[in-house]
Amino acid sequence: MLSPQFRKLDFFKTINYLAIVYAFILPLSRGGIGVITALLVLLWFLEGNFKQKLTLYINTKVVVALLVFLVFNIFSLLWTEDIQGAVHTMRRYAYLLPVFVLMFSLKKEYIFKILSAFILGMFISEVISYGVFFELWQFKHATPANPSPFMHHIEYSIFLAFTALVLMGRIFNEDNLRHKLFYSFFFMTVSGNLFLTAGRTGQLAFILGLFVLAVLSFKNKVKALVIAIVLSTLVLSIAFNLSTTFHDRIITGKDSLVNVVKKENYCTSWGSRVGAWIISKDIIVQDPILGIGNADNMKEFHHLIDTKYPSMVCMHKAFYHAHNQYFQIWTALGLVGLLIFLSIFYIMLKMQIKDKELKNIKYVYLTLLAFGFVSEVLLQRQFSLALFALIFGILLAQYRIENESN
């Protein structure tokens, strides 16, 4: 039984405070994400109000789509041979649980604090990253050539791109000059950090997000496009000329694609991704409607390399997934699973949010995901899943708050 003191605990307030900690720790600690996710879910259960929660979830289309996708993953075990491998893949979706907690329990006055806590966490990550780059210290597996301190460099590039665009949105819409200057300085350091890493996915997604943000922030669309073109050209020019990592990765990427076409060389970062698309096509053809199951798809992936694509044998070592979220899901869950998956983002895209900053964040984040999914299975990685849970949780909480006030 719960003690009288524990029963008196204000679960709503505790969850909101814990959400701030969750946002802060999110860019910094794998273990912290796991512990706080578990605590949030525990408090969600202890909080009760299950009938009210169920009513809210059922009446929210994004949540229904997300639940259908998770249930369909479980249903796919019926035609999956490697049950253990499939369960191992699917259990990562537990990091999505904070979506349901935050959606129901967040209060309006905490949402801005949560975003600020995330930005503060990114600032600390950024300081560590710059320290590694300038060889002031060593940190885990980060190197001066790829100073990503806590997570895979593709994930980190998405985190940095998202943070930079949130800051740029505040620059566009902030009236206070002192605040505008502060956000401008922070934007420059974050975008600088973005182009020091080896994450080309986040770098290119950032440019796309910049155009989306400009169009959203200015009524005059010609002015918006001019600003976006000038800013993106300026950022890319500075990065290309000052960042050896960015310069070399762009040149290497170009050469990799040329070698794929001319020499069928798939033993490079971009070349292997092209190879993965080719192999994924073959797997999709086997069962385009329901797929061949989680884990089974990657077994078939490597089997096809051995039996049909010997020129891609170098891909055995680095490919534990398809490096493409769309193909990963299509090969595992078929067209049915892919359409359910895409419906989550389509419904979120159509969902009306009145708050200007959060509306912009919604469009920017969906843009980053849509592009990021092309080169990485972001929703099979812990940090990216946690970021998804945080952003979707905040957006759905804001949607709930705005509809409650109507």
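Brief remarks follow.
- Ranked list, fewest to most other Cβ atoms within 10 Å of each Cβ, for W330, W277, W137: W137, W277, W330
- For K219, a cut-off of 19 angstrom between C-alpha atoms picks up these aspartates and glutamates, skipping any fewer than 8 places away in its own chain: E174, D175, D355, E357.
- Under the criterion of Cα pairs below 8 Å and six or more residues apart, the relative contact order for the range 1-156 equals 32 percent.
- Chymotrypsin sites (Phe, Trp or Tyr not before Pro) restricted to DSSP loop in the range 102-135 with at most 16 other C-beta within 10 Å: F134
- Inter-part distance where the range 272-300 and the range 146-192 are each reduced to a Cα centre, Å: 36
- Quarter of the Cα convex hull surface for the chain, i.e. its orientation-mean projected area (nm²): 22.7
- The residue list M90, A145, F373 was ranked by how far each Cα lies along the charge dipole of the chain toward its positive end, using unit charges on Cβ atoms, and F373 comes out on top.
- Reachable lysines from K107, criterion Cα separation under 27 angstrom, eight or more residues apart if same chain: K8, K13, K51, K53, K61, K180, K350, K354, K356, K359, K362
Every read-out reported here was derived from the displayed coordinates using simple, explicitly stated rules and does not represent laboratory data. Predicted, not measured: the structure shown is a model, and the values here were computed from it. Glycine also receives a Cβ, built like all others from the backbone with ideal geometry; neighbour counts cover every protein chain displayed.
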